[in-house]
Each structure stands twice: as C-alpha cells, then as structure tokens.
Amino acid sequence: MIDERINLLRNKMIERNIDYYIAIDSDYHNSEHVDPHFKERSFLTGFTGSAGVIIVSKDEACLFTDGRYHIQAEEQIKGSSIKLYKVGLEGVINHLDYLKQNVKDGDTVGFDGRCFSLNDFERINEQFKGKDVKTKIDFDLVGEVWHDRPDVFKGSAFSLDLKYCGKTREEKLKDVRCKMEELNASHYVISSLDDIAWLLNIRGNDIPHNPIVVSFLLIDRDDVFFFVDGDKISDEISLELKKSGVKLKKYGDIYDFIESIKEGSILFDKSKTNCKLVNSIDKNVKKIMLRNITTDMKSIKNEVEIKNIREAEIKDCVAFVKFFSYLEDHIEKDTITELDVSDLLLKFRKEQEGFIELSYETIAGYMENAASAHYQATSEKYSVLKPEGFLLIDSGGQYYGGTIDITRTISLGKISDEMKRDFTYALKALINLSRTKFLKGTNGISFDMMARSVLWNYGLDYKHGTGHGLGFMLNVHEGPQSFSLRADPKVYIEPGMVTTNEPGIYKEGKYGIRHESDLLAVLIGKNEYGDTFMEFETLTYCPFDLKSIDKKYLNSDEINWLNEYHKKTYELLSPLLEGRDLDWLKRATVPLYV
C-alpha cells in the first residue's frame with residue numbers, strides 16, 4: 001500500500017517534470033498539530049510521528065525523522081521500499097543535506113508552498129546555491145493522488161472570558177500597535193493560530209487538542225482584519241469583535257488582500273508565514289521579518305493566567321491520582337491495556353470542573369514500548385499491563401484555566417535494581433533543574449544542561465529537549481523559550497514563563513522512563529551587587545513513585561526536596577480526594593528518610 005502511493009506520486013511527478021518532491025504534515029499556518037486533511041507525509045509513508053520529512057525521487061523515497069521517532073518510524077514503514085534516515089545519529093544526514101548532495105543541475109524540486117514557511121523555503125533553496133535548480137511550489141501533488149482524503153474539519157469559535165485571560169483584546173491590540181510603531185511597520189500579518197487566538201481572546205476546536213480557530217489576521221494602524229470561515233463565528237462573537245474594531249473577511253481572501261497593499265511595510269514571522277502568502281506581497285512593500293510580536297507577549301503569563309494555571313494543575317493532578325489509585329486496585333484483577341490507560345485518564349479528567357479536552361494524545365507506554373519517547377498505542381498494536389515492570393504515562397489536559405503537560409513513570413509490581421537506579425537517575429535530573437536559582441538573562445541551553453548533565457555523569461542521555469514553553473489554554477508546545485541544546489541563545493527565561501521539565505532514560509527493547517512537571521519562572525530579587533536572581537516554582541504536584549526509588553543514589557538535599565514536594569502535594573490534593581483515592585495519596589507521599 002505504501003509503495004503504491006509512492007508510485008502514484010511518481011507518476012504525477014513525471015507529468016509535471018518534477019525530479020524531487022517534498023512532503024510534510026503541515027497546514028497553511030505551520031501548525032504543530034494539523035487537521036488529518038493535511039497529513040500528507042503520514043498518508044504517503046504510514047509514519048504518524050509529529051516530526052518528519054519525505055523526499056521522493058524517481059529512484060528512491062527517503063524518510064527523515066529525529067531521535068524521538070526512530071523506533072516508531074522503523075516499525076511503521078516496515079515492508080516498504082522507503083529508506084529511513086535516523087537524524088541525530090552519528091553520520092546520518094538530514095533532509096537538507098540530502099537535497100544538497102543529490103539534487104543536480106537542471107533538476108526541479110516541488111512542494112506545496114502553502115504548507116511550507118518562508119523559513120523552510122529559504123533553507124531548501126540554500127542547498128542549491130551554485131546550481132541551476134528550479135523550485136515549483138504552486139501545486140499539491142499528494143492531494144492529486146489522495147483520493148479518499150478527509151475533508152477539513154470546521155469547528156466553532158468561542159470567547160475566552162476576562163476572568164481567565166486577564167487582559168482585554170483591546171489592551172493587547174494597543175500593545176501590538178505600539179510595537180508596530182517602534183518597528184515602523186504599517187501592516188502586521190499573523191498566520192500562527194495560537195497567536196491569533198491569544199490576541200483576540202477567542203478559542204475554538206478546529207484542530208484536535210489545540211483550542212484554536214483556523215484563520216489569518218492582518219493589523220494596520222487603524223483596522224484589524226480577521227480572515228476566517230464565517231460559519232465559525234456566532235453573531236454574538238461577531239458583535240464583540242466589531243466593538244473591538246475587528247472586521248471579518250473570508251478565510252481565502254487573505255492572499256488577494258495582501259496583494260492589494262501597494263505601499264508601506266508588512267511585518268511577519270517568516271517561520272510561521274507560508275511561501276504563497278509571502279509571494280503575494282507587492283515588490284514595492286517593505287518586508288520586516290521578525291518573530292511574532294505576540295509570541296513574546298503571550299509567553300509571559302499575567303497574574304490572572306498564573307492563578308488559573310495553578311488551579312488547573314491541581315485538577316489535572318487529582319485526575320492522575322484517581323487513575324493511579326484505580327490502577328493499583330485493578331492491575332491484578334482486570335485486563336487493562338495501554339488503550340484503557342488513555343480512556344481511564346480521560347474519564348477522571350472529565351470529572352474535573354473546567355476540563356475541555358486533552359492537550360495531546362496520551363502516551364501510555366508499557367515496558368519496551370516506552371523506549372520510544374513518543375510511542376502511541378493503537379487498536380492494532382498495544383500491550384496489556386502486567387503487575388510488574390514500568391508504565392510511562394505522558395498526558396495533558398486543556399482547561400479553561402490553562403494547558404497542562406505531565407509525565408509520570410510508575411512500577412506496576414516487581415522491577416529490577418537497574419530499573420530502580422535509572423528511575424532515580426532521571427529523578428535526580430528533574431530535581432536538579434527544579435531547584436535551580438539563576439541570574440535573570442539566562443537562556444534555555446543552560447537549563448537543558450542543568451538536567452542533562454546529571455545523566456551525563458552516568459554515561460546516559462536522551463534524544464529530546466528537556467523542556468518547552470506551555471500555552472495558556474493553547475498549544476502544549478509554545479515558544480519562544482525552550483530548555484534544549486538547540487534553544488535560541490538570545491531567548492532568555494523571563495518571569496511569568498511556564499516551561500516543562502522532562503528528562504528521561506530510554507533503553508530500546510527494555511523500558512522507558514520520563515519524569516515531567518511544569519515550572520513557572522519567578523523573581524527572587526537583587527543581591528547587594530545589583531544582580532537580579534530568579535528561580536522556578538513547581539506547578540505540577542503529582543507524586544513520584546516511591547517504590548521505584550533507590551535512596552542510595554539520592555543525596556540528603558535531593559531527599560529533602562522530594563519530601564517537601566510530597567508534603568505540599570498532599571496538602572494541595574487531599575482536600576479534593578476521599579476514600580480509597582485519599583488513602584493512595586497518603587501512601588504515595590510518605591517521607592523518605594536519609
């Protein structure tokens with residue numbers, strides 16, 4: 001089936017004189033999660049991970065993906081002729097290097113320009129320097145061979161009350177225009193859906209797990225134009241927007257509207273704005289290409305948002321505790337699968353006030369399945385839990401009060417000394433980052449090292465970042481900050497930023513371990529020399545599995561941190577639990593002794 005699809009694509013390539021065709025899973029807004037309609041790479045390859053590129057030529061089809069998905073990709077393309085490039089491993093090239101090495105003079109490279117950002121376009125063309133290579137970006141060849149392609153889902157928008165977001169859209173628009181004036185930008189086009197939702201204080205359900213509305217936004221000095229499918233906007237919301245100076249336009253009219261601007265300057269984020277939209281800008285209009293103004297604004301949570309996030313975190317941890325209590329009571333009596341884990345967690349979340357939906361598909365990996373960092377159980381492939389070994393659960397919820405991301409690894413029964421040791425090593429990494437105090441102006445690379453270096457001491461590492469920014473009832477992955485060796489060194493952790501802390505250890509064929517909590521960056525104050533210091537406030541209060549800890553690998557400071565953490569966990573969660581669930585929490589938060 002996979003090779004049949006690849007061959008159908010090759011036939012279309014021959015018709016259009018295309019030598020190399022590139023496909024990714026992306027919509028017209030460079031969204032991380034996309035409607036199934038836009039999952040072109042997944043359709044061609046059968047590989048469903050969130051990151052990956054397929055390049056097809058007349059001779060071969062090559063899939064490129066990073067360390068999070070090496071195992072998953074290998075399994076999902078098994079039996080096909082696709083060649084897998086495990087990017088990140090020594091000697092393995094990425095898709096850009098592949099293009100540079102293989103595309104020759106006279107070749108033509110094609111892709112759908114609506115699904116590739118200007119950044120992507122420039123990086124691809126950079127590989128052809130000094131060569132006579134054409135790029136064609138004005139058609140969608142995968143769409144021409146995807147005969148049962150699902151229609152784009154059309155949801156509906158709703159307003160986010162001021163009691164949740166803490167700032168009116170008028171105030172936010174005023175801040176944006178002030179920044180536009182500083183940059184001498186007469187127009188500002190926003191393509192990223194979370195930025196638009198944050199700025200207009202609206203949310204929707206167009207994309208699973210991301211409460212956004214598919215749209216474009218254009219701001220000038222006097223007006224705001226909202227390009228959106230009118231069926232998604234109720235009369236009530238339309239009136240609200242109109243009072244705020246926002247004018248509704250048809251979604252597809254953005255290209256002609258941009259083309260009609262003949263003077264001035266347009267500000268846009270080239271990592272978020274698609275090629276076709278940029279190509280619509282008149283040559284006489286100056287382009288100002290910077291990270292979205294709104295990206296930096298929304299990364300700093302205000303006091304109202306922070307208050308709501310704290311409350312939402314508690315609700316989500318209550319759901320986790322109820323699940324763990326249920327699991328302990330049923331693991332030896334009932335058949336429970338990885339799929340059941342997802343269903344049960346969702347059930348307990350639905351009991352929490354303000355819960356809307358999951359913030360991403362739950363990752364429930366038992367034993368060797370969890371060695372694939374982003375493993376996803378399916379109805380065709382899943383494991384049954386046994387009263388032994390590790391279960392890794394990475395799951396999150398969308399609440400009116402915020403977006404949650406949490407991972408806990410627990411033992412279901414007997415585990416080896418090696419497993420206890422690795423569990424404790426990973427916990428040490430989380431603790432080291434959680435209790436870090438730092439100078440204001442420290443970047444995410446430094447925090448990645450605070451966690452990762454703990455594991456390096458034992459000859460261990462993990463193939464993903466240590467942390468990512470969290471949206472406020474928006475995307476679970478949000479910039480500009482991250483804790484990663486590849487983080488932008490010019491992005492500093494600021495007070496009000498919420499970022500995850502998620503070190504792990506993964507041993508292929510054996511097990512996977514990850515601990516994850518959400519951290520809020522807060523100010524401490526200045527020392528006598530005028531240096532401003534900060535620290536992290538842990539937001540996630542869910543017990544770490546005491547049965548899986550080997551105390552001999554923890555020092556007294558780490559044990560004290562863990563005891564204080566569990567003490568506060570009990571204080572926060574116990575008033576919301578009773579009976580068997582409360583009993584489980586008591587046992588899960590008893591202090592360790594040095």
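The values are calculated or read from the model by the stated rules, or taken from the named source; none is laboratory data. Values in this document were obtained by computation on a predicted structure and should not be read as measured data. Because the Cβ atoms are built from the backbone with ideal geometry, glycine has one as well, and the counts that use them run over all protein chains shown.
Structure notes:
- Test: residue in the stretch 12-23 that is within 27 Å of Phe153 (Cβ to Cβ), β-branched (Val, Ile, Thr) and at pLDDT 95 or above: yes
- Those residues of the stretch 383-403 which are of a type outside the set (Gly, Ala, Ser) and either surrounded by fewer than 20 Cβ atoms within 10 Å (Cβ to Cβ) or within 21 Å of Ala426 (Cα to Cα) (or both), in sequence order: Val384, Lys386, Pro387, Glu388, Phe390, Leu391, Leu392, Ile393, Asp394, Tyr400
- Taken as a whole, the condition of being of a type in the set (A, V, I, L, M), modelled with pLDDT of 95 or more, closer than 29 Å to Tyr164 by Cβ and surrounded by fewer than 22 Cβ atoms within 10 Å (Cβ to Cβ) does not apply to Val454.
- Residues in the stretch 234-246 that are outside any loop (DSSP other than H, G, I, E, B), of a type outside the set (Ser, Thr, Tyr) and surrounded by 13 or more Cβ atoms within 10 Å (Cβ to Cβ): Ile237, Glu240, Leu241, Val246.
- Residue match in the stretch 336-358 (condition: free of Cβ contacts under 8 Å to residues at least 24 places away in the same chain, at negative phi and touching a strand residue (DSSP E or B) at 6+ places or on another chain (Cβ under 8 Å)): yes
- The residues listed here are Asp222, Asp231; of these, the one that is modelled with pLDDT under 95, surrounded by fewer than 16 Cβ atoms within 10 Å (Cβ to Cβ), part of a loop (DSSP other than H, G, I, E, B) and in the same structural domain as Asp282 (by TED's automatic domain parsing) is Asp222.
- Taken over the stretch 45-74, the residue count meeting the criterion of being in contact (Cβ under 8 Å) with a residue 12 or more places away in the chain and more than 23 Å from the chain's Cα centre (by Cα) is 7.
- Of residues in the stretch 14-44 being of a type in the set (D, E, K, R) and touching a residue at least 60 places away in the same chain (Cβ under 8 Å), the one surrounded by the fewest Cβ atoms within 10 Å (Cβ to Cβ): Arg16
- Residue identified as out of contact with any Lys or Arg (no Cβ under 9 Å at 6 or more places or on another chain) and assigned to a loop (DSSP other than H, G, I, E, B) among Gly471, Gly509, Gly465: Gly509
- The residues of the stretch 406-417 that are in contact with a strand residue (DSSP E or B) (Cβ under 9 Å, 6 or more places away or on another chain), surrounded by fewer than 24 Cβ atoms within 10 Å (Cβ to Cβ) and not polar (S, T, N, Q), listed by number, are Arg408, Ile410, Leu412, Gly413, Lys414, Ile415.
- When the stretch 121-138 is filtered for residues that are within 17 Å of Phe38 (Cα to Cα) and buried (at least 16 other Cβ atoms within 10 Å of the Cβ), only Ile137 remains.
- Test: residue in the stretch 1-13 that is under 23 Å from the mean Cα position of the chain (by Cα) and either of a type in the set (D, E, K, R) or surrounded by fewer than 19 Cβ atoms within 10 Å (Cβ to Cβ) (or both): no
- Note on the stretch 362-412: residues that are under 22 Å from Thr540 (Cβ atoms) and of a type in the set (D, E, K, R) amount to 3.
- Some residue of the stretch 258-265 being surrounded by fewer than 19 Cβ atoms within 10 Å (Cβ to Cβ), assigned by TED's automatic domain parsing to the domain that holds Ala197 and in a helix (DSSP H, G or I): yes
- None of Tyr541, Tyr529 is surrounded by fewer than 23 Cβ atoms within 10 Å (Cβ to Cβ), of a type in the set (Ser, Thr, Tyr) and outside any strand (DSSP E or B) except Tyr529.
- Val213 vs. criteria farther than 30 Å from Arg408 by Cβ, over 23 Å from the mean Cα position of the chain (by Cα), buried (at least 19 other Cβ atoms within 10 Å of the Cβ) and touching a residue at least 12 places away in the same chain (Cβ under 8 Å): no
- Of all residues making up the stretch 347-373, the number that are over 25 Å from Ala51 (Cα atoms) and either aliphatic (A, V, I, L, M) or in contact with a His (Cβ under 8 Å, 6 or more places away or on another chain) (or both): 1
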